[in-house]
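What follows is one structure encoded as structure tokens, with my remarks underneath.
Every number in this text was worked out from the coordinates using simple rules, so none of it is lab data. Source: prediction; values computed, not measured. Cβ atoms come from the backbone with ideal geometry, glycine included; neighbour counts cover every protein chain shown.
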Amino acid sequence: MPKPDKAKVRELYRQERDRAMAVVPATAPTVNGHTPTSSAGASSMGESSTGTLGGGTGATPEVTAKVASTEASPATTFDETAIDAYWASYGDAATRATVRTRAAHAEVMEVVIGTDDRTQVGNTNEYPWRAIASLLITAANGSQWIGTGWFVGPRILMTAGHVVYMADQGGWCSQITVIPGRNGADEPFGRVTTSQFKSVSGWSTDGNSDFDYGAIILPADQRLGDTVGWFGWQARTDDDLNGQTVNISGYPGDKPVGTQWFHSNSIKSVASNTFKYDVDTAGGQSGAPVWMFIGTDRTAVGIHTNGDLAGNSATRVTSDVAANINAWRTEVA
């Protein structure tokens, strides 16, 4: 691997340090970490968790990706040094500066465990791949990041909390561009930019990784989920998760720009709010769906957030998380 450009690292460090110095200190921890918070503020109600176009006919694990696409990477004005949104909240200024250099771009905490077994998804215009979106993220301070989101309704996508709220970058993101089913230069369902986001107090107030989840709300006239479909979701018991095969697909930054990559493997350990798995991922896949086949449905049981060589990990869809997804989806039905 080429050595990082020291001058570029120093300049990026200065920029990251200046951004960090402008951040308002966090307040005292909240009592209920699942209390909803919002960039726009709205009331909540409950609703069934079953989504249309959520069914599948294959068997676990999800292994139906076709041959890799030959599409060229798209021309874009988005910052070429954009890195996974994980680093906006979990990294320090020096680390972010190093990772932002192109030479160090692949050195991210979401890791490939052993051999890289990821498969490029070529048929992103088909379900469920089209219900997964590439995210181009602009933070409150203007810095740019990448991530992944997935539809749970006509106008709502779930993702990691650190994708929508970045305490070290000024709080709620300024805007996120959503590109469902992206395949390099091909954007079969177009793109939509929004500034309406949701999370919970455990993340937006406390920065507690146990509550690292959030939602992206599309404008009322942009019901892309009606076209691409969405995932179901469900809270499962420890016994129903341990050892089960899970699937992850998203938009890693170590592969050609805008391409979707998939892998599946088993859950290795379960905690009250998170679980770990040996599924290969890389920076850019923050917020990706972690799903299982349950019957004939593709059902999300977690939101990919971070990891290390001991196992990548997800925020678990608990009963509290499921209740918030239900409520947020109802608000924007």
* **Positive minus negative residues near LEU157 (Lys, Arg vs Asp, Glu; Cβ under 11 Å)** => +3
* To do: Could you calculate the FRET efficiency of ALA220 with ASP186 from 1/(1 + (r/R0)^6), where r is the beta carbon distance between them and R0 is 30 Å, rounded to 0.05?
  => 0.65
* To do: Obtain the radius of gyration and the Kirkwood radius of segment 150-211 from its C-alpha atoms and give Rg over Rh.
  => 1.02
* Asked: Just from the alpha-carbon atoms, what are the Rg and Dmax of segment 167-276 in angstroms?
  -> 16.6, 42
* Asked: In whole Å, how far is the Cα centre of segment 124-195 from that of segment 208-278?
  -> 13
* Asked: In nm, to one decimal, how far is the ASP239 label point from the ALA271 one, both placed 7 Å along Cα→Cβ?
  -> 2.4
